[in-house]
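The values are calculated or read from the model by the stated rules, or taken from the named source; none is laboratory data. Remember, predicted model here, so these are calculated numbers, not experimental data. Because the Cβ atoms are built from the backbone with ideal geometry, glycine has one as well, and the counts that use them run over all protein chains shown. Side chains are part of the model used for accessible areas, which takes the heavy atoms of the whole protein and leaves out ligands, DNA and RNA. Shrake-Rupley method; radii C 1.70, N 1.55, O 1.52, S 1.80 Å.
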Amino acid sequence: QVQLVESGGGSVQAGGSLRLSCAASGSRFSYRHLAWYRQAPGKQRELVAAIRSGGSTNYVDSVKGRFTISRDNAKNTVYLQMNSLKPEDTAVYYCAADYSSSSPYWGQGTQVTVSS
């Protein structure tokens with residue numbers, strides 16, 4: 001069983017930065033593939049960034065060059081550094097573990113609001 005708790009969301013002006021954190025409890029954190037998703041009002045949840053247990057990463061095209069996902073296995077934490085934020089980045093951001101499995105674990109979400 002894994003519990004995920006996100007933090008770091010908030011309101012920022014366009015061009016600003018935020019760093020999201022997701023602290024995980026449970027075992028085998030270093031073996032888990034982790035990801036950040038987001039869901040804007042009226043839209044489907046989308047995969048924003050993922051980091052596999054070996055450290056490889058991938059990003060949705062709209063955030064490449066602006067967002068960076070990283071993990072600290074010693075702290076059981078995954079991060080999402082978001083720079084050059086745009087109003088279209090406004091969404092609830094969710095952390096996920098084992099995101100590619102049939103039963104991923106989800107956090108409760110954290111709101112990110114970017115004003116123009």
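Using a Förster radius of 25 Å, what is the FRET efficiency between Ala14 and Glu46 based on their Cβ-Cβ separation? Nearest 0.05, please. Computed FRET efficiency for Ala14 and Glu46: 0.80.
Based on protein heavy atoms only, the chain ends up with 51 Å² per residue of surface accessible to a 1.4 Å probe. When the chain is modelled as a GNM with alpha-carbon springs shorter than 10 Å, which of Ala96, Ala23, Ala49 fluctuates the most? Result for the chain, Cα springs under 10 Å: Ala23 fluctuates most. Under a model in which nothing but the beta-carbon of Lys, Arg (+1) and Asp, Glu (-1) is charged, segment 48-116 shows a dipole of about 160 debye around its Cα centre. Build a GNM of the chain with springs between Cα atoms under 10 Å apart, and of Gly42, Gly16, Gly65 the one that fluctuates most is Gly42. Diffusion coefficient (Stokes-Einstein, Kirkwood radius over C-alpha pairs, 4 °C, 1.567 mPa s) for the chain: 93 µm²/s, rounded to a whole number.
Would you work out which of Ser103, Pro41, Gly16 lies farthest towards the positive end of the dipole of the chain, given +1 charges on the beta-carbon of Lys and Arg and -1 on that of Asp and Glu, about the Cα centre? Farthest along the dipole direction, towards plus: Ser103. Coupling constants for segment 49-65 follow from the phi torsions by the Karplus curve (6.51 cos²θ - 1.76 cosθ + 1.60, θ = phi - 60°), and in residue order they are 7, 9, 9, 7, 4, x, x, 5, 10, 8, 9, 5, 4, 5, 10, 4, x Hz; glycine and proline get x. Calculated FRET efficiency, Thr113 and Ser56, Cβ-Cβ r, R0 25 Å, to nearest 0.05? My answer for the efficiency is 0.25. Using a Gaussian network model of the chain in which every pair of alpha carbons under 10 angstrom is joined by a spring, one finds that among Pro87, Pro41, Pro104 the greatest mean-square fluctuation is at Pro41.
For segment 11-98, carbon and sulfur atoms together expose 45% of the accessible surface, with a 1.4 angstrom probe and every protein chain in place. Dipole magnitude for the chain: about 160 debye, using +1 per Lys or Arg Cβ and -1 per Asp or Glu Cβ, origin at the Cα centre.
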